[in-house]
Amino acid sequence: MFGKDIYWYGVQAISLLETGKLHSPDSSPVFHIVALFLKIFGIQDYSLLLFQILTSVWLLFSIFLSRWILLQRELKYSFLFPGFVILLLGFLYPKQSWALGFLVLSIGFYTSSFSRIRWVAAGLLFLLALWFHPMVGILGLGIWILYQIPIKFYPYIFILSLLLPLLLPNDPNERFYSEREIFPLTAAYGIVGLGILWDWGYLLFGKSEEKVLQIRKAIAFFGLILVLPIFHFADIQFRILLSLILVVQVFIPWGKIQILVWSISSILWFFTVYTEPHLFRYSYELMWNPAEKMASISNNGLLVAHHGFCEYYHFQFRKDCLSWEPDAKAIAELPKGTQIYRAVYGIRYENLLASKDENNNPIFSYLKPLGEYQMVLEEDWKRYRLWLEKRNSKLLSLAKSWKNPYRERPNFIKRKQSYGI
């Protein structure tokens, strides 16, 4: 499977089919589409793959139709190659992609010359985008606001934006907080490679038709602001940047220069996918055997594991999993007579086995090797992590990383039902 969140969609859809409600509350109807696919094709990986393909097709169709509306049915100018960002969004962020499809259609109608239906169609499509993914709706509103502001004021807005990172609260327990530890574009490069930098550059400096020049510049300016560390980039700014790169394709005139730009972009993206596939997917093929054995432990009330493993484990075996440090809410919801286990990733069995406390007693009272993962009790894992800190061990960076979750859930996730992956 391609994508790092796709099994979460499966978890939500299964909950809809089996209980009639979502595992974690979400107003987006996209999970009902996934549930329909699972109902028709069965609860299997193949059904999720078909949903991802449909999502990418929807994005491509919506961009083509929006260009057709914008250019007054001049089909020869509506032609476009599907950029890699369409596949990336469709497979990595399906909910966002469905909303973006409605947003680009809304923008197409808004900037068209269909005077009779322009406002009604644009408004209804915008509401659909907001319904499918509120962030995309807010993004559309932001583009519209910038579109209303004269371009001559953009330099002053950018200067004011320079102060924004200093004013935002640095609160890692919420969705929005200032990330001052890393430059945003550096983070973007680390997430998906050089292709995103190339596309960002063309977003800023690419050409556009004269009649849509102002909204094209508004979108480009939005992309320029994203160079500032306003949000946690991986969670917010990266997705906004991808969205802007997709939206701007509606306004790009196709010609020899654009085909050259597209070709270079595609080469950069495919090179990254080929050389670093782990950026776009987890090693799901290595997860089945350890996940099956972990699910068979009778007193395993909750498993703590990294993000991708949790979703896969929950989808395949219907067992609760948490990709955060267990908090009071998770502990309170633990079934009676069960314990919290952890799937340790990236640390060898021999290293865990050899660890002993100050009294020369083994730190782990339960330790089971399962291929790439080691299964331990969560309480033992906490003691082991403290032991690493006291020794200033090189393994501490692995023990406190995405591979082995060590932070508690942010408040906006904690408010969701059940464990909330």
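The values are calculated or read from the model by the stated rules, or taken from the named source; none is laboratory data. On a predicted model such as this, the values are computed, not experimentally measured, just so you know. Here the Cβ is made from the backbone with ideal geometry for all residues, glycine too, and neighbour counts use every protein chain on show.
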Legend entry - Hits in segment 33-46 - residues which are over 16 Å from His314 (Cβ atoms) and surrounded by 14 or more Cβ atoms within 10 Å (Cβ to Cβ): Ile33, Leu36, Phe37, Phe41
Inset, instruction - Identify, from the list Gly255, Gly201, Gly223, the residue that is at pLDDT below 85 and either under 30 Å from Phe317 (Cβ atoms) or not hydrophobic (A, V, I, L, M, F, W, C) (or both). - result: Gly255
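Residue-wise test of (1) farther than 18 Å from Ser323 by Cβ; (2) in contact with a strand residue (DSSP E or B) (Cβ under 6 Å, 6 or more places away or on another chain); (3) in contact (Cβ under 8 Å) with a residue 24 or more places away in the chain; (4) outside the structural domain of Ser323 (by TED's automatic domain parsing).
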residue: Met1; (1), (2), (3), (4): no, no, yes, yes
residue: Ser15; (1), (2), (3), (4): no, no, no, yes
residue: Ile33; (1), (2), (3), (4): yes, no, yes, yes
residue: Leu36; (1), (2), (3), (4): yes, no, no, yes
residue: Leu49; (1), (2), (3), (4): yes, no, yes, yes
Inset, instruction - With the checklist (1) farther than 30 Å from Phe2 by Cβ; (2) in contact with a strand residue (DSSP E or B) (Cβ under 7 Å, 6 or more places away or on another chain) in hand, flag the one item Phe309 doesn't pass. - result: (1)
Legend entry - Count of segment 353-403 residues which are in contact with a strand residue (DSSP E or B) (Cβ under 6 Å, 6 or more places away or on another chain) and polar (S, T, N, Q): 1
Legend entry - Subset of segment 285-309 (residues that are under 30 Å from Trp198 (Cα atoms) and touching a helix residue (DSSP H, G or I) at 6+ places or on another chain (Cβ under 8 Å)): Gly308
Inset, instruction - Taking Trp269 as the residue in question, decide whether it is buried (at least 19 other Cβ atoms within 10 Å of the Cβ), within 21 Å of the chain's Cα centre (by Cα), of a type outside the set (D, E, K, R) and not assigned by TED's automatic domain parsing to the domain that holds Leu370. - result: yes
Inset, instruction - Run Leu22 past the list (1) farther than 26 Å from Ile191 by Cα; (2) among the hydrophobic types (A, V, I, L, M, F, W, C); (3) surrounded by fewer than 16 Cβ atoms within 10 Å (Cβ to Cβ); (4) modelled with pLDDT under 95 and report the number of the one that doesn't hold. - result: (3)
Legend entry - Residues of segment 273-300 that turn out to be at pLDDT 90 or above and surrounded by 14 or more Cβ atoms within 10 Å (Cβ to Cβ), as a count: 10
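The rows are residues; the columns are (1) touching a Leu at 6+ places or on another chain (Cβ under 7 Å); (2) in contact (Cβ under 8 Å) with a residue 12 or more places away in the chain; (3) not aliphatic (A, V, I, L, M).
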{"site": "Gly308", "(1), (2), (3)": "no, yes, yes"}
{"site": "Ala328", "(1), (2), (3)": "no, no, no"}
{"site": "Ala332", "(1), (2), (3)": "no, no, no"}
{"site": "Leu353", "(1), (2), (3)": "yes, yes, no"}
{"site": "Asn360", "(1), (2), (3)": "no, no, yes"}
Inset, instruction - Pick out the one residue from Tyr373, Tyr384, Tyr366, Tyr406 that is touching a helix residue (DSSP H, G or I) at 6+ places or on another chain (Cβ under 9 Å) and exposed (fewer than 14 other Cβ atoms within 10 Å of the Cβ). - result: Tyr366
Inset, instruction - Would you be able to tell me the number of residues in segment 86-126 that are within 27 Å of Phe51 (Cβ to Cβ), in contact with a helix residue (DSSP H, G or I) (Cβ under 8 Å, 6 or more places away or on another chain), of a type outside the set (Gly, Ala, Ser) and touching a residue at least 60 places away in the same chain (Cβ under 8 Å)? - result: 13
